[in-house]
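Notes for the one structure printed next.
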Amino acid sequence: MNTKVTASAKEAARILLKNDLVAFPTETVYGLGANIFSESAIDEIYRVKGRPADNPLIAHVSNLTELVILVKRIPAKAELLIDAFFPGPLTLVLQKSRYVPSNVTGGLDTIGIRMPSNSVAQFFLKECGVTVAAPSANLSGRPSPTTWKAAKAELNGLIGAILKGDQSQVGLESTIIDCTRKTPVLLRSGAIGLERLRKVIPEITVRASNSENTPKSPGQKYRHYAPNAKVVLIDHPSEITDYSKAAFIGLDFPVDPGNAIIKICASIDEYAFRLFDFFRECEYNQIETIYCQRVSENGIGLALMDRLIRAAHG
Ligand code: TXA
Ligand code: MG
């Protein structure tokens, strides 16, 4: 398939409405979109990504009226979260209506809903005029693309179009909260940190990893975020003894890195913004070991550590 790269949201929307797949920018990472009501296009997302069929997709909306068709009800606590954080890097899991094809949600009776704040994403969704189901625009198991070039490197020739935008401002995937229970549960950490969430819903709990009795994001059980190189977590770059075919990303300066590829970030936000792009730069340069500095788990630091740990244990 010839993949069209375009800066026109209108053109990209036209291609999506022919039931082709379109990669598009959001503030978190690039998504791989399909018309949520086209069962064949949704099947194609799973096929192209090599994604397990039980791993549900997120519904991307440009307008809250779309929820009338997508979900059974909006609990009061979900409404508070919508008021506080939509549009933005937050996904709410709600009871799905019967109008959404079951292959969108991997057979679950719940659905993840997100309203991106990125202006190109918003324009694209408005032009589509339908809800767009989208996972991240990478092959299953790989780091999410944060640039259109990275989306192209993953999916060129496999999808209808790539809508060009800027590098995703956040760089990590959205925060996911299950709102189907009395007490909302954080399923995946993201740009909206626990501190900010608890200002709105103080009783939010965090999914205990490896617990059988707590709700899960099906995707969390699969290999994730892993580049080709080995990822090694360290507390400080002074721990690196050999820089041959190695690279480093973190907050502190290494003592003597020679001409190794290193990325020093001024803040945890910048580190999150750059991480997946750095992984790809390392792949391009045939790096064998990527050393990543651990960070404190405040704000987006919780999400960054989550992705680093998964990448390291991929
Ligand atoms: O920031 C994001 O969320 C990006 C952009 C493109 O919006 N999307 C994204 O999608 O990261 P994906 O498919 O790569 O990750 C979605 C995660 C998966 O772990 C999936 O299992 C979980 O969301 N998920 C989706 N629907 C769910 C549901 N109904 N219940 C529990 N988890 C769900
Ligand atoms: Mg993903």
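The values are calculated or read from the model by the stated rules, or taken from the named source; none is laboratory data. For clarity, every value in this text was computed on a predicted model and none was experimentally measured. Cβ: placed from backbone, ideal geometry, glycine included. Neighbour counts: every protein chain shown. Heads up: the accessible areas ignore ligands, DNA and RNA and are worked out on the full protein's heavy atoms, side chains in. Shrake-Rupley method; radii C 1.70, N 1.55, O 1.52, S 1.80 Å.
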Contour minus Cα-Cα distance for Met1 and Lys72 (0.36 nm per residue): 21.8 nm
Largest-first ordering by accessible area, 1.4 Å probe, given options Ile287, Ile36, Ile69: Ile69, Ile287, Ile36
Accessible surface of the range 230-313 [probe 1.4 Å, protein heavy atoms]: carbon and sulfur percent: 47 percent
Distance in nm between pseudo-label sites at Val200 and Ile264 (7 Å out along the Cβ direction from Cα): 3.7 nm
Length released on extending from Ala153 to Gln169, taking residue separation times 0.36 nm less the Cα-Cα span: 3.8 nm
Set of lysines with alpha-carbon distance to Lys152 below 22 Å, sequence-local pairs under 8 removed: Lys4, Lys10, Lys18, Lys49, Lys164
Accessible solvent surface per residue of the range 230-313, calculated while the other protein chains remain in place, 1.4 angstrom probe, Å²: 49 Å²
Cα convex hull of the range 248-314 - mean projected area over all directions, nm²: 4.5 nm²
If the convex hull is drawn through the Cα atoms of the chain, its volume per residue in Å³: 122 Å³
Positive dipole terminus of the range 230-313, leading residue within Pro254, Ala272, Ile240 (C-beta point charges): Ala272
Of all accessible heavy-atom area on the range 4-206, the percent that carbon and sulfur account for (1.4 Å): 51 percent
Accessible area of Tyr291 in the full protein assembly, 1.4 Å probe (Å², nearest 10): 40 Å²
For the range 4-206: accessible area per residue (Å², 1.4 Å): 38 Å²
Computed lengthening from Leu108 to Ser296, 0.36 nm per intervening residue step minus Cα-Cα distance: 64.3 nm
Alpha-carbon Rg/Rh ratio, for the range 60-156, with Rh computed the Kirkwood way: 0.98
Cβ charges +1 (Lys, Arg) and -1 (Asp, Glu), total dipole of the chain, debye: 840 debye
